[in-house]
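The values are calculated or read from the model by the stated rules, or taken from the named source; none is laboratory data. As the structure is a prediction and not an experimental result, all values here were calculated from the model. Note: ideal-geometry Cβ built from the backbone for every residue, glycine included; neighbour counts use all protein chains shown. Quick note on the areas: whole protein, heavy atoms, side chains included, nothing else; ligands and nucleic acids left out. Shrake-Rupley method; radii C 1.70, N 1.55, O 1.52, S 1.80 Å.
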Amino acid sequence: MKNPKLTTRLATFLLISISFLPLNSVWAVTWYSPGIMVTGNSLPGSALHITGQDFAPNEQVHFTFDGAALGQTMTDTEGELTYTDATVPYLPSDTYQILAHGQSSNAGAVAFFYISGFYPSVTPSTYYLLPGEVLTFSGNDFAPNETVQLFEGENTTVLAEISTDAMGSFTNSGNITIPFGWIGSNRTLRFAGQYNDSAETTITIGQFHSLVSPSSYYLSPGEDISFSGNNFAPGEAVQITAELDPTITASITTNGEGIFTDAGVISIPFSWTDSNHTFQIIGATSGTRADLMITVAPLYPLVTPNAWYVKSGQPILFTGEGFAPNEEVTISNTSTLLA
């Protein structure tokens, strides 16, 4: 709204000439009472449009925004101005004072301008994933061309830095690999911009539910057993240990999909004859565990003498099979060791 010019005040002064004759002289004094109007988008970085009137003609006018220099321009012959080279400063959301000051008239005008805040949002590439998998993000309504830092909760460690485009947006950015320490939990991720703009999103990290199968659930002593498994972490070391005999072990490394096939070969001890045994299969990185029980068959030895009828003092020989390899076999009657 324009402020009317202050009416010109006329002052009459009495001047005494050297001849002491009174003369009447009229002086015109002009007072300036300028005004400005500020329009534009309230978001930081947006263009400001300033118009003004009732300044002195052809004078330079300086602008400040909350005390900081904003720019300058010249008035026209009517004392009016238009300034379009200013942008909204990156300041916290609040109402600020814009001051226009005429250099020659020393007249000033004040306007108030409200800076609104940014209200960004972020969407992850998925809300559910497993440790070791990669997560990316898309966001909008941040400040244009700013750096956004990614944090986990209130942790101060920066997980990633993302640059917004001219529209304050980003797409499939901020790649992070989910730590194995986050397994089986919900995590809130915080995105902090440079201008008090922030957003949060919550993701769920699942657990590995491994499955393991043996080459056979029923084996004879001395046979080899191997294992196949999936749903482990990619590329992790897997340890296989006999529950009742921790000296019997095997190590496996999963492939890029957390799978292994016919690996971890173990020879079944003859001491396990006619018993059940459990193997513990544990992923070193994921911590996932599978227990697997097998049955070991009994031995059924068969012995045949070289003669079924012999005389006293006559030697007898035996042929046998189905014993353990390289084991000592004793031959006796009811109470006497014979061989």
Cβ-Cβ under 6 Å, sequence separation 6+ or interchain: first residue in region 156-174 and in contact (Cβ under 8 Å) with a residue 60 or more places away in the chain, partner surrounded by fewer than 17 Cβ atoms within 10 Å (Cβ to Cβ). Which pairs? none
Can you tell me which residue within region 64-83, out of those that are assigned to a strand (DSSP E or B) and open to solvent by 80 Å² or more (accessible area, probe 1.4 Å), is nearest to Asp197 (Cα to Cα)? Ala69
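What tally of residues in region 201-221 results from selecting those that are part of a loop (DSSP other than H, G, I, E, B) and under 16 Å from Leu129 (Cα atoms)?
Adding up the residues that qualify gives 5.
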Any idea which of Pro89, Pro131 is in contact with a helix residue (DSSP H, G or I) (Cβ under 9 Å, 6 or more places away or on another chain) and either in a loop (DSSP other than H, G, I, E, B) or of a type in the set (Phe, Trp, Tyr) (or both)? Pro131
Between a first residue in region 272-298 that is assigned to a strand (DSSP E or B) and a second residue that is among the polar types (S, T, N, Q) and buried (at least 19 other Cβ atoms within 10 Å of the Cβ), which pairs have beta carbons less than 8 Å apart while being 6 or more apart in sequence or on different chains? Ile281/Ser210; Ile282/Thr288; Gly283/Ser210; Gly283/Thr254; Arg289/Ser210; Ala290/Ser210
All but one of (1) touching a Phe, Trp or Tyr at 6+ places or on another chain (Cβ under 9 Å); (2) over 30 Å from Phe151 (Cβ atoms) hold for Glu223; which doesn't? (1)
Using beta carbons and a limit of 7 Å, which pairs, at least six apart or on different chains, have the first residue in region 177-196 and within 30 Å of Pro92 (Cβ to Cβ) and the second one open to solvent by 50 Å² or more (accessible area, probe 1.4 Å) and acidic (Asp, Glu)? Thr188/Glu200; Leu189/Glu200; Arg190/Glu200
Within region 30-63, the residues that are closer than 30 Å to Tyr119 by Cβ and open to solvent by 40 Å² or more (accessible area, probe 1.4 Å) are Met37, Thr39, Gly40, Asn41, Leu43, Ala47, His49, Thr51
